Amino acid sequence: MTKKVSIVAHHGRGNTSGETFMMTTFRFHWNHLPISFAFQVVNMKVIITYMPGLKVNFLILLWSIFISGSQGGHYLSYGPDLKPAQGSVWPKPWWQDDTGRYFSVDPENFRLVAVNKNCPLLQDAMARYTKVIRQSAQGYVKAPQTAVIRKIQQLSVNLTQACETLPHLNMDETYYVWGDGRVIANSIWGIFRGLETLSQLLVPMPNGLLRIPETEIYDEPRFKYRGLMLDSARHFISKGKILQLLEGMAFNKLNVFHWHLSDDSAFTFNSTTYPELSLKGAYRREMTYSPAEVKEIVEFARKRGIRVIAEFDTPAHTASWGASHPEIMTKCAGKYAGQLGPFNPTKDSTFTFLNKFFSEIRNLFPDRYLHLGVDEVNPSCWEGNSEIQKYLTSKKLDNGDLPYLYLERFTADISTLGWKQMVWQEAMTEYPYMKWPTGTIGQVWFDFKNVSRDLTARKFDIIHSQDWYMYVLSTGGDWEKFYKVEPLDFEGSDVQKKHVLGGEACLWSEYINEYNVMPTTFPRVSAVAERLWSEREHRSTEEATPRIEEHNCRMIYRGIEARPANSFGLC
C-alpha cells in the first residue's frame, strides 16, 4: 500500500517559469520493517510518500541544497517581488463600485472639456492633466490587452459652482468620477482631486490605448488638513526641488505646504525690508529665496489646490536673526555668557522690528494662517539678563511672566495683520494661561496621547505630526510604519476628536539636503496621505501594498524621484 501526503511550501515570492523537479528518498527500519520515504519537489510543491515494506535504493539528490538555495537568494523564477496593481487609486477613495468592464482612451486623440463653469484655474488643470494622460501611454505599469465597451474621445469636467481663487482650510474637495470619462465637483478644489483620480484609473495596454474601468467613485477627504512641512534652513532646498515636492503632493492629494524658512542655523528669505537678515544670516547669498521665487512657489501650489503656510520660528531658534540684529536678542550671562538667547520681550523695539518684517511677509503669503513656531524656548538667558530682571522688578512681575509678555503682544500684532495662527504644542502646554486668538491651531509632535487629549479638552484645534517625521530614516520600504499611525488614537469624546483637523508629515533637514529630499519623502509620505484622506477602516497594509507599488511607479514615471516602496522590482 502506498499513501501520499502533499504539503505546499512557500519559498520566496514570484512566478515560476517552467517545471522544476527534485526527488530524495530515505530508508530506515521501524519495528524491524524497512520503511522508505520519497521526497519530490514539483513546481514548488513538496510530495512526501512513505512505502512500508519496500526495499528501494537510497537515492539522495541533496535535498538540503534545495532548501538552502531557496532561502539564500537562488530564485527559481524571475520578475518583481510584488506585482503592482493596475489602475488603482491612491489615496483609496471613500466609495468605488466597478462593473468589471472597461472603456478605452486614445492618448493621442482625446479632449478634456469643461461642460459647465470655467475659469483660468480650471483651464490650467485641464492642460496639465491632458499632458499627464498622454504621457501615461508609456507608463511603467501595463495592463493586458482587454476587451472594451467603447472608445472615449471626450472627458467631461463639470464644475457646478464658480471658481474660488485661493485654497483654504475649509475648502470643499468632494468629487465624483465615472469611468466613462466624467468628473463632477462643486468646487475647483474637488475638480483637482477628481482629475488626479481619473488620471490614475488610466493604464496603457499593448495596443497603445489606455484602459479605464467602468466604475463610479464618490470621494471626499477624511481630514481637511493634510500637510507636508519642509525645513529649508538646516539644509537649503532649491526652488526647483520645492516645485517637485509640490507636484508630488498633488499626486497624493495633500493640501498644505508648511514652509519652515528660518532657524538658528540660517535665515533663508531674502527680505527687501531687512536684506541684512539673509546677507549675514544665510549660509551663502545664493542659498536664499527672493520675493519673486516665493511668489512663484505660492502660485505653483495654488494651481494644485495646495496652501502655503510660512513659519519664521520665534522667539527661540533665532540665532540667525541675531547675526544682523543682536539688539532684538537677549544677551546671556552665567554659563551662556557671550551667547544670544531668545528675542527680548521687554523692548518696544523688538516688536516694532517684527511688525515691520511680518508686514512684508503678509504680502507674499496670502493664506489665512501663519505658523509662529514658539517651540523649545529656553528661558535661561531671560532669567540671567540683568536688564530684563530690572524690568520685571519695576513692573512687579517675575520670570514666569516673560513668555506671556512676548506672546500676548506678538500674537496681537499678527492678528492685526490679518492672520490666524498656528504654534507647536509647547506654546499651549507650557503656557497654560495664554489667551490665544480665536482659531489658533496646535501642532502635536510628541506625547500625543496625553497632549491631544488635554488640548482638545480645552477646545483647541490640533493637527497630528508625531511619528510622521520623514527625516527618521530606515532601510528598505518603511512606509507601513507611517501607514499605521492613527491621529485619533487617544482618549477623548467624539466632540474632542472633532478638534483634530488632520495631520502633517515633517521634513526636518538635519539629514536631508538637495540630493535626497525627494526619495526621503516619496513614497513614504504617500502612506501619510492615505491615512489622512481615506476612511479609518482602510487600514490593511496587505491590501495597500500592490496599490502603493503601482502608485510609486506612477510617481516615478511622472518625474518624482521616489525610493522603492517595497522590494526588488520595476520601480
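The values are calculated or read from the model by the stated rules, or taken from the named source; none is laboratory data. On a predicted model such as this, the values are computed, not experimentally measured, just so you know. Glycine also receives a Cβ, built like all others from the backbone with ideal geometry; neighbour counts cover every protein chain displayed. Quick note on the areas: whole protein, heavy atoms, side chains included, nothing else; ligands and nucleic acids left out. Shrake-Rupley method; radii C 1.70, N 1.55, O 1.52, S 1.80 Å.
If Rh is defined by the Kirkwood formula over all Cα pairs and Rg also comes from Cα, what ratio Rg/Rh do you get for segment 81-142? Write out the running numbers ahead of the final one.
Working: Rg = 14.7 Å, Rh = 14.5 Å.
Ratio value, two decimals: 1.01.
Using only the Cα atoms of the chain, what are the Rg and Dmax in Å?
Using the Cα atoms of the chain, the pair Rg, Dmax is 29.9, 107 Å.
Among THR314, THR99, what's the order by accessible area (1.4 angstrom probe), most exposed first? Don't skip to the answer; put the middle values down first.
Numbers: THR314 0, THR99 85 Å².
Accessible-area ranking of THR314, THR99, largest first: THR99, THR314.
Working only with C-alpha atoms, what are the Rg and Dmax values of segment 441-571, expressed in angstrom?
According to the Cα coordinates of segment 441-571, Rg and Dmax are 15.8, 50 Å.
About its Cα centre, how strong a charge dipole does the chain have in debye, to the nearest 20, once Lys and Arg get +1 and Asp and Glu get -1 at the Cβ? Before the final figure, lay out the partial values.
Details: 63 positive and 62 negative charges, 303 e Å.
Using only the charged Cβ atoms, the result is roughly 1460 debye.
Within the chain, which cysteines find no other Cys whose Cβ is under 4.7 angstrom from their own?
When partners are defined as cysteine Cβ atoms under 4.7 Å apart, the chain leaves CYS506 without one.
How much net charge surrounds TYR176 when only the other residues with a Cβ under 9 Å from the Cβ of TYR176 are counted, with Lys and Arg +1 and Asp and Glu -1?
Numbers: positive: ARG182; negative: GLU216, ASP219.
Result for the local shell: -1.
So how much accessible area does MET287 have, in Å² to the nearest 10, using a 1.4 Å probe?
60
Pop out the carbon and sulfur fraction of the accessible area of the chain as a percent, whole number, probe 1.4 Å. Intermediate values should be presented prior to the final figure.
Working: 13160 of 25080 Å².
Carbon and sulfur together cover 52 percent of it.
Tell me, in nm to one decimal, what length is gained between ASN399 and ASN513 on full extension, where the rule is 0.36 nm per residue of separation less the Cα-Cα distance? Before the final figure, lay out the partial values.
Values: separation 114, 0.36 × 114 = 41.04 nm, distance 3.90 nm.
Taking 0.36 nm per residue and subtracting the Cα distance, the gain is 37.1 nm.
Ignoring everything but the protein chains, give the 1.4 Å probe accessible area of LYS395 in square angstrom, nearest 10.
Answer for LYS395: close to 110 Å² accessible.
What's the local net charge at VAL377, with K and R +1, D and E -1, over the other residues with C-beta under 9 Å away?
Details: positive: none; negative: ASP375, GLU376, GLU426, GLU430.
Charge balance in the 9 Å sphere: -4.
Determine the sum of side-chain charges near MET249: Lys and Arg each +1, Asp and Glu each -1, restricted to other residues whose C-beta is under 10 angstrom from that of MET249.
Numbers: positive: ARG226, LYS253, ARG304; negative: GLU247.
In short, +2.
Counting heavy atoms of the protein chains only and a 1.4 Å probe, report the per residue accessible area for segment 461-516 as a whole number of Å².
Working: 2480 Å² over 56 residues.
Ligands and nucleic acids excluded, the figure is 44 Å² per residue.
Roughly how much of LYS92 is accessible, in Å² to the nearest 10, using a 1.4 Å probe?
It works out to around 50 Å².
With every protein chain kept in place and ligands, DNA and RNA left out, what is the accessible area per residue of segment 96-148? Probe 1.4 Å, answer in Å². Walk me through the intermediate numbers first.
Values: 2930 Å² over 53 residues.
Dividing the accessible area of segment 96-148 by its residue count gives 55 Å².
Cα centroid distance between segment 228-261 and segment 350-374, in Å?
Cα centroid to Cα centroid, the span is 20 Å.
Going by accessible area, probe 1.4 Å, with all protein chains left in place, what is the ranking of LYS117, LYS295, largest first?
Numbers: LYS117 90, LYS295 120 Å².
The ordering from most to least exposed comes out as LYS295, LYS117.
Give me the 1.4 Å probe accessible area per residue for segment 241-365, excluding ligands and nucleic acids, in Å². Mind showing how you got there, number by number?
Values: 4170 Å² over 125 residues.
Roughly 33 Å² per residue, with all protein chains present.
If I take every Cα pair under 8 Å that is 6 or more residues apart in the chain, average their sequence separation and divide by the length, what percent do I get for the relative contact order? Working shown, then result.
Numbers: 1182 pairs, mean separation 77.6, N = 571.
Averaging sequence separation for qualifying contacts and normalising by length gives 14 percent for the chain.
What do you get when you divide the Cα radius of gyration of segment 78-221 by 2.2 N^0.38 Å, with N the number of residues? Display every interim value, and only then the final one.
On the way: Rg = 15.2 Å, N = 144, 2.2 N^0.38 = 14.5 Å.
Segment 78-221 yields a ratio of 1.05.
Given LYS239/LYS498; LYS303/LYS435; LYS335/LYS390, which pairs have Cα atoms separated by over 29 Å?
The answer is LYS239/LYS498; LYS303/LYS435.
For TYR274, TYR406, write out the residues from largest to smallest accessible area, computed with a 1.4 angstrom probe and no ligands counted. It would help to have the intermediate numbers written out before the result.
Working: TYR274 25, TYR406 0 Å².
The residues order as TYR274, TYR406, largest area first.
In whole Hz, with x marking every Gly and Pro, tabulate ³J(HN,Hα) for segment 256-263 from phi via Karplus 6.51 cos²θ - 1.76 cosθ + 1.60, θ = phi - 60°.
In residue order, the calculated couplings are 9, 10, 9, 10, 8, 9, 9, 7 Hz.
Could you list which residues have their amide H under 5 Å from that of GLU214, counting only those 5 or more apart in sequence or on another chain, with H placed in the peptide plane?
THR99, GLY100, ARG101, TYR102, PHE103
For segment 475-524 and segment 83-151, write down the distance between their C-alpha centroids in whole Å.
29
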